[in-house]
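Data block below; observations after.
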Amino acid sequence: MKKSVQPDDLPYTLKRSHRKSLGITIERDGAIIVKAPLDLDRKEIERFVAEKRVWVQQKLAQKTSVMGESPKREFVSGQGFLYLGKSHRLRFVENSSKGKKPKRTTERKLRLRHGYFELDKEQQPKAREHFISWYKEKTEEKLNERIPRYDKRIGVEVSRFGVSNLGHRWASYSRNSTIHFNWRAVMAPIWVFDYILVHEMAHTIERRHSRRFWQLVSRVMPDFEEIVRWLSENGPDLDL
Ligand SMILES: [Zn+2]
């Protein structure tokens with residue numbers, strides 16, 4: 001039985017009460033609340049949520065674009081930023097490429113060095129963009145590194161992957177055999193990152209969250225339920 005939220009599911013909170021029908025609402029902070037009658041079968045609830053998926057995703061996308069205008073973080077000196085489960089403080093440095101010819105526009109303005117995130121001082125207004133591209137790059141790097149650890153064990157070949165902003169999902173698997181990763185995933189500890197990866201790799205064999213699917217996952221990660229719990233508790237903190 002599925003106990004908790006999966007990386008590619010819509011995370012929702014189920015509230016049962018003395019009501020006759022199912023209902024779904026989205027809170028101001030983007031939390032999805034599903035209200036259901038006390039004794040309604042879990043399968044029916046899941047089916048209802050699946051039917052509402054498009055509507056929910058549209059609503060969430062609207063909210064994200066609204067929230068995007070007022071980021072939670074200010075990118076000030078001393079603020080902590082996560083990478084593989086560890087927080088590193090941000091510090092501003094004098095322009096590192098001053099006097100030198102900048103090689104490319106993509107030259108690193110943000111670096112992780114000696115346990116600190118270092119950002120060129122004059123880049124402060126663009127800090128968020130620098131962080132996002134840094135996280136995207138690291139997610140790619142980690143995927144290249146981690147996929148070979150699991151592909152043979154699961155028995156799949158991952159031909160393509162992409163890194164993007166998946167909003168409320170950690171990863172997804174699309175019909176054209178591409179695994180999509182949310183760049184926020186690299187903020188999580190590596191064992192959590194690995195679980196998200198293994199989960200999507202298992203989907204390349206079995207699309208549904210069936211018994212066979214969970215067998216595939218648990219063969220590679222016997223303790224995956226603990227990781228799922230970790231994700232649902234700490235996932236919301238993995239953000240900029
Ligand atoms: Zn899944």
What distance in nm separates the simple spin-label points at Glu140 and Gln58, each placed 7 Å from Cα in the Cβ direction?
-> 3.4 nm
Whose amide H sits under 5 Å from the amide H of Val93, counting only residues 5 or more places off or on another chain, with H placed in the peptide plane?
-> Leu119, Asp120, Lys121
At 7 Å along the Cα-to-beta-carbon direction for both Ile190 and Ser174, put a label point, then send me their distance in nm to one decimal.
-> 2.9 nm
Sparsely packed trypsin sites (Lys or Arg not before Pro) within segment 126-218, loop by DSSP, other Cβ within 10 Å at most 13 | Arg175, Arg207, Arg208
The helix 127-154 Cα axis meets the longest alpha-carbon principal axis of the chain at an angle in degrees, between 0 and 90 and rounded to 10, of 60 degrees
Among DSSP beta bridges lying fully in segment 80-237, give the percent that are antiparallel, nearest 5.
-> 55 percent
Taking Cα centroids, how far is segment 118-168 from segment 40-59 in Å?
-> 30 Å
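For Leu40 and Lys15 in the same chain, what is the full-extension length gain: residue separation times 0.36 nm, less their Cα-Cα distance, in nm? Please report the intermediate quantities before stating the final value.
Values: separation 25, 0.36 × 25 = 9.00 nm, distance 1.14 nm.
This chain segment gains 7.9 nm when fully extended.
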Any chance you could give the angle, 0 to 90 degrees and rounded to 10, that helix 53-67 forms with the longest Cα principal axis of the chain?
-> 30 degrees
For Glu206 and Gln123 in the same chain, what is the full-extension length gain: residue separation times 0.36 nm, less their Cα-Cα distance, in nm?
-> 25.4 nm
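Write down the Kirkwood hydrodynamic radius of the chain, to one decimal in angstroms, obtained as one divided by the mean of 1/r over all alpha carbon pairs.
Working: mean 1/r = 0.0505 Å⁻¹.
Evaluated on the chain, it is 19.8 Å.
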Once phi is turned into ³J(HN,Hα) by the Karplus curve 6.51 cos²θ - 1.76 cosθ + 1.60 with θ = phi - 60°, what whole-Hz value does each residue of segment 79-93 show in order, with x for glycine and proline?
-> 5, x, 10, 8, 8, 6, x, 10, 8, 10, 7, 8, 9, 9, 10
So if we plug the beta-carbon distance of Ser77 and Ser232 into 1/(1 + (r/R0)^6) with R0 = 45 Å, what FRET efficiency do we get, rounded to 0.05?
-> 0.90
Difference of contour (0.36 nm per residue) and Cα-Cα distance, Ser218 to Ser159 | 19.0 nm
For segment 164-169, 3J(HN,Hα) per residue [Karplus equation, 6.51 cos²θ - 1.76 cosθ + 1.60, θ = phi - 60°, Hz, x = Gly/Pro] | 8, 8, 9, x, 8, 10
Return the long-range amide H neighbours of Val163 (sequence gap of 5 or more, or a different chain), with a cut-off of under 5 Å between placed amide H atoms.
-> Phe181
Over the chain, what relative contact order in percent results from Cα pairs under 8 Å that are six or more residues apart?
-> 17 percent
Could I have the simple spin-label model distance between Ile132 and Leu112, label points 7 Å from Cα toward Cβ, reported in nm to one decimal?
-> 2.0 nm
How far is helix 224-234 tilted, in degrees, relative to the longest principal axis of the Cα atoms in the chain, given as a value from 0 to 90 rounded to the nearest 10?
-> 70 degrees
Which loop GluC sites (Glu not before Pro) in segment 153-210, with loop taken from DSSP, have no more than 15 other Cβ atoms within 10 angstrom of their Cβ?
-> Glu157, Glu206
A correct Karplus calculation of ³J(HN,Hα) over segment 30-45, with 6.51 cos²θ - 1.76 cosθ + 1.60, θ = phi - 60°, whole Hz and x for Gly and Pro, returns x, 5, 9, 10, 10, 9, 9, x, 3, 10, 6, 4, 4, 4, 5, 5
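Every read-out reported here was derived from the displayed coordinates using simple, explicitly stated rules and does not represent laboratory data. Keep in mind the model is a prediction, meaning the values are calculated, not measured. Glycine gets a Cβ as well: all are built from the backbone with ideal geometry, and neighbour counts include every protein chain shown.
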